[in-house]
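S.K.: Have a look at this one before I ask anything.
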């Protein structure tokens, strides 16, 4: 009888854990709802860009970025990151042109100033297949070509 009880206890434990774990996921999803969505657009010479920034209740930022180059294939992808003061740091996962089989990931930085997002330029290094801004090297917001202004979302 004791063995049957022990087997029953061991059989029930995974179900109890799974139920309590799914409750936590539901709470996290509710807490991480979109609290703000802002659309931006920018143009520089022959190039243009459109960006959607969604701020989550947790402070995370998601969204999308489309960059159309005048004489090159466009980049289209998603953003994931977070604001650090007035600086938005994101990972930009994108495809180039019509090729959806090969995706690239680059870090991007935006300075929020006067309601605009200014894209910065910085030195990037890649370690174990992941790209990062080089520590100790400043991000230059004056050399960037895109300054995003808020536009109505469609």
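S.K.: Check 136, 115 and return the single one that is touching a residue at least 24 places away in the same chain (Cβ under 8 Å) and in the same structural domain as residue 42 (by TED's automatic domain parsing). Walk me through how you get there before you give the answer.
M.R.: On the way: 136 fails: touching a residue at least 24 places away in the same chain (Cβ under 8 Å).
None of the other options fit; the residue is 115.
S.K.: Continuing with the same structure: How many residues are under 19 Å from the mean Cα position of the chain (by Cα) and either loosely packed, with under 11 Cβ neighbours inside 10 Å or not in a strand (DSSP E or B) (or both) when one looks only at the stretch 114-133?
M.R.: 5
Yes/no matrix, rows are residues, columns are (1) closer than 19 Å to residue 61 by Cα; (2) assigned to a strand (DSSP E or B):
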{"residue": "95", "(1), (2)": "no, yes"}
{"residue": "99", "(1), (2)": "no, no"}
{"residue": "105", "(1), (2)": "yes, yes"}
{"residue": "108", "(1), (2)": "yes, yes"}
{"residue": "112", "(1), (2)": "yes, yes"}
{"residue": "137", "(1), (2)": "no, no"}
{"residue": "145", "(1), (2)": "no, no"}
{"residue": "150", "(1), (2)": "yes, yes"}
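One line per residue, one yes/no per condition, for (1) modelled with pLDDT of 95 or more; (2) assigned by TED's automatic domain parsing to the domain that holds residue 79; (3) under 20 Å from residue 146 (Cα atoms):
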{"position": "25", "(1), (2), (3)": "no, no, no"}
{"position": "43", "(1), (2), (3)": "yes, yes, yes"}
{"position": "48", "(1), (2), (3)": "yes, yes, yes"}
{"position": "59", "(1), (2), (3)": "no, yes, no"}
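The values are calculated or read from the model by the stated rules, or taken from the named source; none is laboratory data. All of these numbers come straight from a predicted model, not from anything done at the bench. Glycine also receives a Cβ, built like all others from the backbone with ideal geometry; neighbour counts cover every protein chain displayed.
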